[in-house]
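Just below is one structure, and these are the notes that go with it.
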Amino acid sequence: MEIKLRGRGLVRGIVEGEALVSSQPISFLGGVDPATGIIKERGHELEGYTVTDKVLVFPHSKGSTVSSYVLFSMARRGTKPLGIVNTVSDPIVAAGCVLGNIPLLDKLEIDPTKAIITGDYLTLNATEGFLVIRRSQISNVW
Amino acid sequence: MYLSKDEEAILEGSRGEAAAIAMKLLVTIGDIFDAQRLIPVTSAQVSGISYKTIGDEGLEFIEEFARKGAAVNVHTTINPAGMDMENWREMRVPEDFAQKQERIVSALQKMGAKPTCTCTPYLLPERPKFGDHLAWAESSAVMYVNSIIGARTNREGGPAALASAVIGKTPLYGYHLEENRTPTIGIHVKSNLENELDFSLLGYYIGKNFPDKIPLIELEKSNLNEVNLKALGAGMATSGIQGLYHIKDVTPECKQRVFDVCERIIVERSNLSDVKESLSEQCSPEFICIGCPHCSIDEMEYISNIAVKGRFKKRVIIYTSRHVWSIAKKRGYLDRIINAGGRVVRDTCMVVSPIEKVGIGEVVTNSTKAAYYLSALSRVKTVLKSLGEALEYARNGN
């Protein structure tokens, strides 16, 4: 099944890939290892998961503005996420997406951390401002 | 967001790659906050200077930004570095750390930023004026300049402030707009605030309990001066996300407009004591660290007057800007402090220098901000004392 949601494109770009969803905020500084792309924050619901080449879905970031530089560094090392979908973006994640050239979309019609589940296949179009979610198995989430 | 033709052109690369990135960053942040346009700023204060806080990722970005031709367009000052840029060997800063720190500051200088290395840019000669629009990072400085001077800045992040320095503009939202500067809670303080620690505790209490409110503070008989107001804002910015406060009959916007608040709460001495206790641990530190935010010339004078009474039995480290340092040197304050066994360090502070790597595990300080971050960032145990009490402790040895 497939669903299309409109949103606000903040950093332009079009990408396609698998979703990795967190209902908790993410701190890139200290929370993600830029060398490997692995989430290392203890007790985080995505601890141990790799964000690299995933469309990362989370409510917003938390912590220091240095997190923006971490996203930039991940882009240089090839460990960055393909794209980011937020419930509502904040300046820290937005600056990081600009510096790392990572498409960023927020303010969807439905909260993306509830509408999307890890493993969904997403088309993120931050240039025109929409997201397509494809799910192979039938689920009662919708 | 509306962009002028000139701004559009910069976004497309008319002023080079670095300016295009900076413009894209400002436009994106403007979009988040539904800003209608960009406005000029008169200065920028960039945070994220210490290698300890920004690491290799920050160093990488700042160097690449400089390589791509980034150049500041307005008066731009920078936050403290991770070491005294001249006397880092004396501080026992590791060689590798020092090299990377020098690379960060020299890349920023190449862009045209002034190597002020202080969190108190409002104490420098180029002080902003009432109503000026600024793009300042460093939350304690944002508090001071918004509240006490009446200039207008949001609490910028390091990258956004750097982008504003390059473009000379900031998106028009938040504290730049008069309607977002009105107080949203009344704080009636029923205790006489005597010293900078009392003000620091009050700030921390307000930030922790009302993190996104703009307080209108009513004080009873209290000792209001630059040092105490500096401590109040720094404390509030540590535990809260607001960037502005008002004090009835004192701060400039209170003198221009009549403010009214619906919700009003009372703060008593016990509230302040609770904060003090929550930020203090049982220990008998060998080190007394003063200067968060950086010491002003008045504080340097006060410390030097205590220093002439006799040698310190404990290790006293005073942190200040290179600007205040050079005035204190001329006036003889430095010699007095050094002769008593104290040290005065420029360009850095206990929070952003690698204090834990040089064997400091327990500290007496007079700042809630320092206490909070020393524990959170460096796992250092802290005891809070006022400046007077801390220096007495240093002189008596207990």
Next on the checklist: Just the residues that are within 14 Å of another protein chain (Cβ to nearest Cβ) and modelled with pLDDT under 95, please, taken from the range A:31-59.
Outcome noted: A:Gly31, A:Val32, A:Asp33, A:Pro34, A:Ala35
Next on the checklist: I'd like to know if the range A:1-15 contains one or more residues that are more than 10 Å from chain B (Cβ to nearest Cβ), modelled with pLDDT under 95, over 14 Å from the mean Cα position of the chain (by Cα) and not in a strand (DSSP E or B).
Outcome noted: yes
Checklist outcome for this item: Looking across the range B:28-37 at residues that are of a type in the set (A, V, I, L, M, F, W, C) and within 9 Å of another protein chain (Cβ to nearest Cβ), the single one that is surrounded by the fewest Cβ atoms within 10 Å (Cβ to Cβ) is B:Phe33
Checklist entry - Residue check, B:His75 against (1) modelled with pLDDT of 95 or more; (2) buried (at least 24 other Cβ atoms within 10 Å of the Cβ); (3) in contact with a strand residue (DSSP E or B) (Cβ under 8 Å, 6 or more places away or on another chain), all met but one. Which one? => result (2)
Checklist outcome for this item: the range B:169-238: strands (runs of 3 or more DSSP E) wholly inside it with 3 or more residues that are out of contact with any Asp or Glu (no Cβ under 8 Å at 6 or more places or on another chain) are B:215-219
Item to check | When residues of the range B:38-69 are limited to those that are surrounded by fewer than 24 Cβ atoms within 10 Å (Cβ to Cβ) and on the phi > 0 side of the Ramachandran plot, the one nearest to the other protein chains (Cβ to nearest Cβ) | outcome: B:Gly55
Item to check | Selection within the range A:13-40 - closer than 27 Å to B:Phe33 by Cβ and surrounded by fewer than 16 Cβ atoms within 10 Å (Cβ to Cβ) | outcome: A:Ile14, A:Ser23, A:Gln24, A:Gly30
Item to check | Whichever residue in the range B:310-365 is touching a Ser or Thr at 6+ places or on another chain (Cβ under 9 Å) and among the aromatic types (Phe, Trp, Tyr) and, among such residues, is nearest to B:Gly82 (Cα to Cα) | outcome: B:Tyr319
Item to check | Residue check for B:Asn225: out of contact with any strand residue (DSSP E or B) (no Cβ under 9 Å at 6 or more places or on another chain) and polar (S, T, N, Q) | outcome: yes
Checklist entry - Only one of (1) at pLDDT 95 or above; (2) buried (at least 24 other Cβ atoms within 10 Å of the Cβ) fails for B:Gly168. Which number is that? => result (2)
Next on the checklist: So, in the range B:376-398, exactly how many residues are in a helix (DSSP H, G or I) and modelled with pLDDT under 90?
Outcome noted: 3
Next on the checklist: Anything in the range A:103-123 that is within 12 Å of chain B (Cβ to nearest Cβ) and either surrounded by fewer than 24 Cβ atoms within 10 Å (Cβ to Cβ) or in contact with a Cys (Cβ under 7 Å, 6 or more places away or on another chain) (or both)? List them, or say none.
Outcome noted: A:Pro103, A:Leu104, A:Lys107
Next on the checklist: Are there strands (runs of 3 or more DSSP E) fully within the range B:1-96 with at least 2 residues that are in the same structural domain as B:Leu172 (by TED's automatic domain parsing) and in contact (Cβ under 8 Å) with a residue 60 or more places away in the chain? List them.
Outcome noted: B:38-40, B:43-46
Checklist entry - Considering the range B:258-293 alone, what residues qualify as being in contact with a His (Cβ under 9 Å, 6 or more places away or on another chain) and either surrounded by 14 or more Cβ atoms within 10 Å (Cβ to Cβ) or among the aliphatic types (A, V, I, L, M) (or both)? => result B:Phe259, B:Ile265, B:Ile266, B:Val267
Next on the checklist: Which of the numbered conditions does B:Pro80 fail, given that it passes all the others? Conditions: (1) touching a Leu at 6+ places or on another chain (Cβ under 8 Å); (2) away from chain A (no Cβ under 13 Å).
Outcome noted: (1)
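The values are calculated or read from the model by the stated rules, or taken from the named source; none is laboratory data. Since the model is a prediction, treat every value here as computed from it, not as a measurement. All Cβ positions, even for glycine, are placed from backbone atoms using ideal geometry, and neighbour counts span all protein chains on display.
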